[in-house]
Amino acid sequence: MKVYKFGGASVKDAAGIRNLVKIVMSEPGNLVVVVSALGKTTNALEKVLREWINGNQSYQSALDEVYNVHLSVIIDLFGDKSEAKGMIDSSYAILREYLRSHTKQKYDFEYDQIVSYGEIWSTILVAEYLRLNIKDVWWTDLRETLLTDDRYRDANVLWNESTRRVKSVFNFSGTRIYVTQGFIGGTMSGHTTTLGREGSDYTAAILANMLDADSVSVWKDVPGILNADPKWIPDAEKLDEISYKEAVEMSFSGAKVIHPKTIKPLHNKNIPLYVRSFLIPENEGTVIKGDIRIRKLEPVYIKKEDQILISILPKDFSFVMGDNLSRIFHTFITHGIKVNLVEASAVSIDVCVDDERPKVDSLINDLRDEYSAVYNENVELLSVRHYTLDSVTRITSGREILLEQRTRSTVRFVVRKQN
């Protein structure tokens, strides 16, 4: 049994869904197919959410735009009538009624209830189109199977109960192919949760772990994992294979090819992960696994944009380590801020985080009684794995460096963004 995961770029339109079906039909064995929302649907639903939260009636037209995108795909795939249209119309009606009559709660809770619809709609379309070509296909709502806690927008999986339910639902008894959603889960009380932005890769890894899959294939619009973003480093090269450890290091530094949480469930059961191109599916792509051939390690360049560098100093000039450090990081956790880089001196600490301004402002406000805090905005975090002098010069030449951090294998720079 294998797990295939298809991201939004692979199902952005009817042609993409047809291509997905062609790829799935080439696999003769049992499959779990994990699908993200169509194209930019998640972004579009985030706009609906913002307008609704702010009390703007324009959310209705924004939602209609999302519906029309799905309707055009339905007509292209199935014509005027289809079971998928009926299911999606019903689902849209439920969401419209929710937005019309629901008493607004906290943003993160509402985010999960609203934005999660994108994955429901995409999988309905994929499952029905697959059924036109393959009989034994089953659509399943993962919100009823993958159980999580109630940490909305970044939920933690309840592994024991989820494993029991997943094995019961995905039992391949009379069904060869299951189509389900990435990114989403559900609480024991029936509320929808999400696993973090771009969390569909993580979903695929979770299901592979629970079902003891032979492998996971993540289908993207790139030939595999490259040693840099080609938009930044034009001569970027494909890596044929990398270790689990290398993948974790790359994702932690900000590489966007694989979701940071994806590797651990696969490593725990030694399940290989293939990153392949849906544009050239016959190519092997990149494999992430435990044992790789010893080879020369080329520099890997990673750029993490939209960062803020926060400098925190105790007002009484006490040492920042010990209890101070514990209190500071507890505050970061409380505000849901993930730390991308830390540099500590005797009486201060510098922290680089994603530019989520409301969270950062709230954090600084909570610290202000005991700590002075200032920040540099419009900065980027540049990292080089397996760095050389030439590779460091290549990414830092002409850049204003605000902070530098080196280990034996990785060098990282916080630099001011170039205009």
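For the pair the range 174-208 / the range 209-226, the C-alpha centres are spaced 15 Å from each other. The magnitude of the dipole of the chain, with charges of +1 and -1 set on the Cβ of Lys/Arg and Asp/Glu and taken from the Cα centre, is near 680 debye.
Applying the criteria of a DSSP loop state and at most 10 other Cβ atoms within 10 Å to the chymotrypsin sites (Phe, Trp or Tyr not before Pro) of the range 310-419 yields Phe317.
Each of the peptides 297-310, 76-89, 221-234, 98-111 was scored by the mean count of other Cβ atoms within 10 Å over its residues; in descending order, highest first, they stand as 297-310, 221-234, 76-89, 98-111. Sorting Arg368, Arg50, Arg276 from the fewest to the most surrounding beta carbons within 10 angstrom yields Arg368, Arg50, Arg276. Separation of the range 139-153 and the range 359-419 by C-alpha centroid, Å? So the separation of the two Cα centres works out to 36 Å. Structure note, pairs Lys5/Lys264; Lys47/Lys338; Lys22/Lys245; Lys12/Lys338: Cα-Cα distances above 26 angstrom occur for Lys22/Lys245; Lys12/Lys338. With Cα atoms as the point set, the range 300-416 shows a radius of gyration and Dmax of 14.9, 45 Å. With the cut-off at 1.5 for a/c, could you classify the range 109-232 from its C-alpha gyration tensor as rounded, prolate or oblate? The shape class here is rounded. Averaging Cα coordinates gives a centre for the range 267-286 and one for the range 11-82; these two points are 24 Å apart. Tell me the relative contact order for the range 118-216 as a rounded percent, counting alpha carbon contacts under 8 Å between residues six or more apart. Relative contact order for the range 118-216 comes out at 30 percent.
Considering only DSSP beta bridges where both residues belong to the chain, give the percentage that are antiparallel (nearest 5). The antiparallel proportion sits near 60 percent. Taking a straight Cα-Cα cut-off under 18 Å and skipping sequence neighbours fewer than 8 places away in the same chain, the lysines within cross-link reach of Lys417 are Lys231, Lys303, Lys304. The shape of the range 219-282 comes out oblate: with a ≥ b ≥ c from the C-alpha gyration tensor, a/c is at least 1.5 while a/b does not beat b/c. Backbone amide hydrogens, once placed in the peptide plane, bring Ser372 within less than 5 Å of Leu313, Lys315, excluding anything fewer than 5 places away on its chain. In terms of its C-alpha gyration tensor, the range 281-343 has a prolate overall shape, because the principal axis ratio a/c (a ≥ b ≥ c, square roots of the eigenvalues) is not below 1.5 and a/b outweighs b/c.
Neighbours of Tyr92, meaning other residues whose beta-carbon lies under 11 angstrom from its beta-carbon, give a summed charge of -1 when Lys and Arg score +1 and Asp and Glu score -1. In this model, which of Lys315/Lys359; Lys40/Lys220; Lys269/Lys296 are farther than 18 Å apart at the alpha-carbon? Pairs exceeding 18 Å: Lys315/Lys359; Lys269/Lys296. Largest GNM mean-square fluctuation among Ser36, Ser251, Ser168, using the chain with Cα springs under 10 Å: Ser168. What the Cβ-Cβ distance of Phe317 and Thr407 gives, at R0 = 25 Å and to the nearest 0.05, is a FRET efficiency of 0.30. In the chain, the DSSP-assigned H stretches of four residues or longer account for a calculated mean residue ellipticity at 222 nm of -11500 deg cm²/dmol, using -39500 (n - 2.57) per stretch and the full residue count as denominator. Using the Cβ-Cβ distance between Ser61 and Asp369 with R0 set to 35 Å, the FRET efficiency works out to roughly 0.20.
Since every read-out is calculated from the coordinates, none of them should be taken as a lab result. Fair warning: this is a prediction, and the values are worked out from it, not measured in the lab. With ideal geometry, Cβ positions are generated from the backbone for all residues, glycine too; neighbour counts draw on all protein chains shown.
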